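*Asks:* Okay, here's the structure, questions in a sec.
The values are calculated or read from the model by the stated rules, or taken from the named source; none is laboratory data. Everything numeric here is computed off the predicted structure, so don't read it as measured data. Positions of Cβ are generated from backbone atoms using ideal geometry, with glycine treated the same way; all protein chains shown enter the neighbour counts. Just the protein is used for accessible areas: all its heavy atoms, side chains included, with ligands, DNA and RNA removed. Shrake-Rupley method; radii C 1.70, N 1.55, O 1.52, S 1.80 Å.
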Amino acid sequence: MSQSNRRPPNSQILPGFPSLGLPELMECLSALGIPAQMEDLTKPTAVTTQGIYAGLIEALMGAPMESIEAPKQALLGMMEYKDMYNDALQFTMFFRHVRDLANLCGITNFSLADLTRPEPARFKTVLSGIMNFAKFRDERAHFQAQLQAKLQEQAEKTVSLRQKIDQVENDISEITARNAAERPQSEQAQKRNDGLRAELMELRSQQMKLSSETEELKKERQTLMDQAAHNAHLNTQIQQQILSAKSRLVQSPDRIKKQISEMSISLSSEKARLSSFQLKARELSNRLEVINSLELDLKNLIDLQKTIEAQKVKIEEAKRNKTIGESKKESKELELKNLQSRSDQLNKQIENAQNKLDRQQELTNETRERHNKRLAELKAEYTVRSKERGVWQKQRDLLLAEQKELENEMSTFIQTHENEINDLLQAYWTMRRQAEDYMNTMSVKLGLQVKT
């Protein structure tokens, strides 16, 4: 009855890799240098299974059992009860390595039961996955070597590029420092040039104004000179008319008086015009003097502008000469640097190495301090956890003992119950057979016919 009530086992999930036969697995194990017998695969035990897995870890992951000893000792050094956890810690670390290898090979459900209670089919499946991974690794070893070579080449290129970048940064810092040192002089020269440029622009505007005023005064002067020439021509004509009139004088007194009065009137008008012309001439002469002084000032300004432009040209020439001299100086300095490059590079390398060493030492000290602090915290926490774990361990042991007692009582009860049921069934079948025999006997004696 108990067997009929059991649930059927779940259908096994097929792995994602081809399953290998036992001969193929034996060949693969012998090729990896792992000693094994056919019985170790057909009837695996915990000892033989762990030995095969240890050989696989050493062959495929390069992690022999001796490599677990150092981390184990380091962890045991932080524990109080070393003897209690020695074997358990070693087995846990070994299981961790085997589980990592199984996960890498596509076996994600690897558990402790595969090491402590191995099953033949399960053990064959796990070995098939590991051997498929080993075959794949051997097939892709050349490609992996190429990738590693490319990675090494890229790392070397990275180092060379980093060195070039450091050199360029040093050059940029030198140029920046030099520009910063020359910036006050360049700013001062720029301010001086801006002041001279503003003065030149102002002088240029004044020159344009004076030129326009000079042109206007020249036009007025020309107009006045034309008027003076016209007046002089009129004076000559008047003189000629006077002479001609004197020559044509008649002896008539009235006529002569009339002409004399007309001529006196015209003479007074001419005198008035002459005085006005003289006044204008004096004004024009004053203006001409002012214009001449302005022309002299303008010529001086033009000469000053020419002098400034000449000085500017000289300044530009001096700048060009300075630039050429600086380029020559830089070329000489470069030659000198090239001559001293080896010693400078060695000194820089030594300084960089010293700085890196100092930084690494500081970083190491800081890391050591942090690790020491963290280690102290972990030790304190571990002490607390150990105490709690001792309490929980005691409770667990009590619970396990109670569970074991309950299981024993349950198994005893089930056994007793099953025995009682079997006895009852046996008594039932015995009584049934006796009843049937009794009924058959009574039917025969009474002559009754029993329908079946």
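*Asks:* With Cβ to Cβ distances under 13 Å as the rule, what net charge do the other residues near Glu309 carry (K, R +1; D, E -1)?
*Replies:* Counting the neighbours of Glu309, the net charge comes to +1.
*Asks:* If you average the sequence gap of Cα pairs under 8 Å that are 6 or more apart and divide by the length of the chain, what percent do you get for the contact order?
*Replies:* Once divided by the residue count of the chain, the mean separation gives 12 percent.
*Asks:* Let me ask something additional. Can you tell me how much longer the chain between Ala427 and Thr176 gets when fully stretched, taken as 0.36 nm per residue apart minus their C-alpha distance, in nm with one decimal? Don't jump to the answer; show the numbers that get you there.
*Replies:* Values: separation 251, 0.36 × 251 = 90.36 nm, distance 11.15 nm.
My answer for the length gained is 79.2 nm.
*Asks:* Taking the alpha-carbon distance from Lys271 and a cut-off under 20 Å, which aspartates and glutamates remain once sequence neighbours fewer than 8 residues away in the same chain are dropped?
*Replies:* Partners found: Asp226, Glu262, Glu283.
*Asks:* Which whole-number value in Å² is the accessible area per residue of the chain, probe 1.4 Å?
*Replies:* Normalised by residue count, the accessible surface of the chain is 79 Å².
*Asks:* Beyond 22 Å between alpha-carbons counts as too far, so tell me which of Lys219/Lys299; Lys164/Lys348; Lys191/Lys329; Lys191/Lys312 fall in that bin. Each step should come with its number before you reach the end.
*Replies:* Working: Lys219/Lys299 20 Å; Lys164/Lys348 14 Å; Lys191/Lys329 27 Å; Lys191/Lys312 14 Å.
Over 22 Å Cα-Cα: Lys191/Lys329.
*Asks:* Label-point separation (nm) for Thr45 and Leu22, each offset 7 Å from Cα along Cα-to-Cβ?
*Replies:* Each label point is offset 7 Å from its Cα along the Cβ direction, giving 1.7 nm.
*Asks:* Assuming R0 = 51 Å, can you tell me the calculated FRET efficiency for the pair Asn355 and Ala189, based on Cβ-Cβ distance, to the nearest 0.05? Write down the numbers at each step before the final one.
*Replies:* Details: r = 39 Å, r/R0 = 0.76.
Between Asn355 and Ala189 the formula returns 0.85.
*Asks:* Right, next: Applying a 10 Å radius around every beta-carbon, put 65-73, 20-28, 405-413 in order of their mean neighbour count, most first.
*Replies:* In descending order of packing, they fall as 20-28, 65-73, 405-413.
*Asks:* Same structure again: Just add up the charged neighbours of Thr430: K/R +1, D/E -1, any other residue whose Cβ is under 14 Å from the Cβ of Thr430.
*Replies:* Around Thr430, the surrounding residues sum to -1.
*Asks:* Let me ask you something else. Please report, in Å, the Rg and the Dmax of the chain, where both are computed over Cα atoms only.
*Replies:* Answer for the chain, Rg first and Dmax second: 62.9, 227 Å.
*Asks:* Could you sort the peptides 196-203, 326-333, 94-101 by per-residue average Cβ neighbour count (10 Å cutoff), highest mean leading?
*Replies:* Top to bottom by mean Cβ count within 10 Å: 94-101, 196-203, 326-333.
*Asks:* Can you classify the stretch 22-165 as rounded, prolate or oblate using the Cα gyration tensor, where a ≥ b ≥ c are the square roots of its eigenvalues, rounded means a/c under 1.5, and otherwise it's prolate if a/b beats b/c and oblate if not?
*Replies:* Verdict is oblate for the stretch 22-165.
*Asks:* Taking 0.36 nm per intervening residue step and subtracting the Cα-Cα distance, what contour gain separates Ala31 from Glu66 on full extension? Working shown, then result.
*Replies:* On the way: separation 35, 0.36 × 35 = 12.60 nm, distance 2.23 nm.
This chain segment gains 10.4 nm when fully extended.
*Asks:* Before anything else, pin down the relative contact order of the stretch 22-165: Cα pairs under 8 Å, at least 6 apart, normalised by residue count, whole percent.
*Replies:* The normalised contact order for the stretch 22-165 reaches 26 percent.
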